[in-house]
Amino acid sequence: MITIYQARFVIPVTSNPIDYGAVAVKGCKIAEVDTFTKLKKLYPDANVVDVSDAIILPGFVNTHTHLELTDFHDKVRVGKDISFANWIQQIPAIYRNFKKKDFVASIRNGISELLRTGTVGIGDITSTGISIKELIKSPLLGIVFKEVLDFDPENAASKLKNEIEKITKW
């Protein structure tokens, strides 16, 4: 069965905005994008959902998220006098005080915020690996990258070896 979603504007990926546009959906796949008039002629028996004076556009993709840091926003000092290096150096102390349940809650809050804002896909950077299971349970599409931080270059080889061992257990 086809459902046609019509709106004041449709913003396709590969062409100009369509005034009084529509998106024909079959199952969970987009069948066609065009004006509402053309799609209604093409699919006369389709269900129609009129979203009125809205804009239909593709879902957003955020290629750099840190879901486990979502709930850190009120725990780090920020401001014009705080450099990125000073900001990032606050993170390990917060990590040490977070328990697994805190990370899970933070990740779930981040996923909820992304979904609320129209995001459909992410690239998540994780230090803990906890976001993998939560991302799989969510409707988001994504890929997870392992972040490895250490402020001592002498530790690089052993740190990397240890992190690779952890990843193989995920």
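The values are calculated or read from the model by the stated rules, or taken from the named source; none is laboratory data. None of the values given here were measured: they were computed from a predicted structure. Because the Cβ atoms are built from the backbone with ideal geometry, glycine has one as well, and the counts that use them run over all protein chains shown. Keep in mind that these areas ignore ligands, DNA and RNA; they rest on the heavy atoms of the full protein, side chains included. Shrake-Rupley method; radii C 1.70, N 1.55, O 1.52, S 1.80 Å.
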A chain fully extended from Val48 to Lys26 at 0.36 nm per residue, minus the present Cα-Cα distance, gains in nm 6.7 nm
Candidates Asn109, Asn62, Asn86; GNM for the chain (alpha-carbon contacts under 10 Å) flags as most fluctuating Asn86
Whole number in Å², please: accessible area per residue of the chain, 1.4 Å probe, ligands, DNA and RNA not counted. 67 Å²
Along the Cα-to-Cβ line of Ile136, 7 Å from the Cα, sits a label point; which residues in the stretch 92-114 have backbone N less than 18 Å from it? 101, 104-105, 107-108, 111
Note, the stretch 30-42: 3J(HN,Hα) by Karplus (6.51, -1.76, 1.60, θ = phi - 60°), whole Hz, Gly/Pro = x, goes 6, 8, 6, 10, 6, 6, 4, 4, 5, 5, 5, 5, 6
Whole-percent carbon and sulfur share, accessible surface of the stretch 84-170, 1.4 Å: 59 percent
Out of all DSSP beta bridges in the stretch 1-72, what portion is antiparallel? Express it as a percent rounded to 5. 70 percent
Long-range amide H partners of Val49 with built H, under 5 Å: Ile4, Tyr5, Gln6
Per-residue accessible area, 1.4 Å probe, largest first, puts His73, His66 in the order His73, His66
When a/c reaches 1.5 or more, the comparison of a/b and b/c decides; with that in mind, is the chain rounded, prolate or oblate per its Cα gyration tensor? prolate
Kindly sort Arg96, Arg8 by accessible area of their heavy atoms, largest first, with the probe set to 1.4 Å. Arg96, Arg8
Once the dipole of the stretch 26-101 is set up from charges on Cβ (+1 Lys and Arg, -1 Asp and Glu), the residue from the list Phe84, Ile56, Thr37 lying farthest towards its positive end is Phe84
What are the residues whose amide H is under 5 Å from the amide H of His66, where those residues sit 5 or more places off or on another chain and H is modelled from the backbone? Ile125
With a 1.4 Å probe and all protein chains left in place, how much of the accessible area of the stretch 1-58 comes from carbon and sulfur atoms, in whole percent? 57 percent
Calculate the FRET efficiency for Val76 and Ile143 from the Cβ-Cβ distance with a Förster distance of 35 Å, rounded to the nearest 0.05. 0.85
